[in-house]
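One structure is given below, encoded as structure tokens.
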Amino acid sequence: MERSERFFGVIAAVILALVVLPIIWAFQGFLLFHILTENIIIIIHILLFVVGTRTYKFSKNSALLFISTAYLYVASLGFLHTLSYKGMNLIVGIETGMATQFWIARRLLEAASLLAATFLGAKTISYVRLNFVYFLVTAGIILSIFTKVFPVCYIDGIGLTVFKKIAEHLIIIMGIITLLRLKTLRRHFDLVYVKVIGWAIAFGLAAELLFTLYITVYDIVNGIGHLFYLFSSSLLAVFIVQEGIDKPYTTMFRAVYEKSIRDALTGLYNRNGLEEMARTSFERAKRYKSTFCLLMMDLDNFKMVNDEYGHLEGDIALQEFKELLTHAFREYDLIARLGGDEFVVLLEDEAERAAAAQKRLESAMETWKATNHRRQKLGISFGIAIREIDSTVTLSELLAEADEKLLQEKGRKHS
């Protein structure tokens with residue numbers, strides 16, 4: 001997935017925050033605006049929980065697990081905040097200030113969780129214990145609000161209490177400390193997504209500043225604060241999706257792809273990999289007018305190594321020969337093992353350069369044989385095919401030509 005595609009959710013949030021929700025607010029009133037905004041935020045938080053926790057077996061990222069788990073309990077407090085909001089009349093005996101208590105409790109829990117995540121590092125955490133702790137904390141908060149132990153945060157006709165303003169400033173302080181500690185996450189997350197978390201926290205801080213200024217719960221400042229918080233949550237969603245889905249699945253698919261084009265023993269390209277890379281090179285040659293030289297080679301008397309010392313020793317010999325190849329040729333030359341003791345190198349160069357590389361390989365092979373008595377009977381045979389500028393010859397045709405010349409050389413050696 002392209003990076004721009006990963007931010008489609010943020011684009012949708014911008015449209016919601018700047019167009020759709022303000023229109024609803026203007027024509028249908030603050031209560032409906034608040035319900036919709038909060039429900040969208042709650043859905044985002046629940047999705048963060050689902051994605052982050054269900055993909056942990058792939059991401060293996062404790063900070064991601066910690067943050068996503070926290071958002072389930074943040075969402076539960078957000079749900080109670082929405083139900084208890086002034087004008088909803090859904091909970092018997094509800095007081096106007098209760099919604100503000102749930103809000104401040106929710107934001108304290110969220111800010112503390114984000115800050116705590118920066119201290120985790122590579123520590124392994126127990127998912128069951130984590131949920132148990134969050135359940136106890138959340139249940140205690142809810143109980144304290146309904147039993148009127150939790151400090152009052154808002155009084156009708158007066159506005160915000162001192163406790164509420166202090167709590168908002170505490171949230172801001174925790175957010176600033178989290179921003180300063182984000183550098184600790186760079187070891188575990190891509191830099192661009194660490195910046196995404198930073199922007200999410202920054203928008204959350206802006207929202208918190210606005211929440212210290214409103215007089216009534218239907219205040220325009222309160223509404224704008226909710227829109228900032230919506231955008232903050234959307235940015236966090238981008239981060240969770242990237243770290244929980246995109247990164248681990250991209251890593252897995254890349255590993256599967258590498259296995260499909262690589263030889264398991266030597267790590268060189270296999271035939272599939274050679275064909276794919278050659279196709280790209282030949283397409284590029286249409287623009288840059290290149291000559292290609294294909295060297296096919298196999299090890300003479302390789303069967304004797306297997307017969308005298310066993311197949312394990314034969315595998316070791318192939319791995320050692322692979323090292324000779326990678327040192328004799330350039331990094332951007334395509335080196336492949338077709339199978340057994342048969343190797344191919346495709347060079348984007350004239351025959352003279354290929355011949356020079358061939359001599360380097362033959363010299364390295366003589367040194368190799370001289371330093372290991374188990375390799376003394378080995379030799380090497382070559383078959384060479386040239387693909388001229390503007391030629392339409394395919395890789396298969398080059399391989400067939402080189403193979404024929406290889407057989408001719410081996411025939412001359414045995415004649």
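The values are calculated or read from the model by the stated rules, or taken from the named source; none is laboratory data. This structure is a prediction, so every number in the text was calculated from the model and none was measured. All Cβ positions, even for glycine, are placed from backbone atoms using ideal geometry, and neighbour counts span all protein chains on display.
Structural remarks
- Per the listing LEU209, LEU213, LEU227, the residue uniquely over 24 Å from the mean Cα position of the chain (by Cα) and assigned to a loop (DSSP other than H, G, I, E, B) is LEU213.
- When MET88, MET98 are checked against the criterion of being surrounded by 14 or more Cβ atoms within 10 Å (Cβ to Cβ), in contact (Cβ under 8 Å) with a residue 40 or more places away in the chain, in a helix (DSSP H, G or I) and within 42 Å of the chain's Cα centre (by Cα), a single residue qualifies: MET98.
- Condition check for LEU72: part of a loop (DSSP other than H, G, I, E, B), in the same structural domain as LEU36 (by TED's automatic domain parsing) and hydrophobic (A, V, I, L, M, F, W, C): no
- Take the conditions (1) closer than 21 Å to SER260 by Cα; (2) in contact with a Gly (Cβ under 8 Å, 6 or more places away or on another chain); LEU299 misses just one of them, which is (1).
- Those residues of segment 331-347 which are surrounded by fewer than 20 Cβ atoms within 10 Å (Cβ to Cβ), touching a residue at least 12 places away in the same chain (Cβ under 8 Å) and under 25 Å from ARG387 (Cα atoms), in sequence order: TYR332, ASP333, LEU338, GLY339, GLU342
- Flag if ALA385 is in contact (Cβ under 8 Å) with a residue 60 or more places away in the chain and surrounded by 19 or more Cβ atoms within 10 Å (Cβ to Cβ): yes
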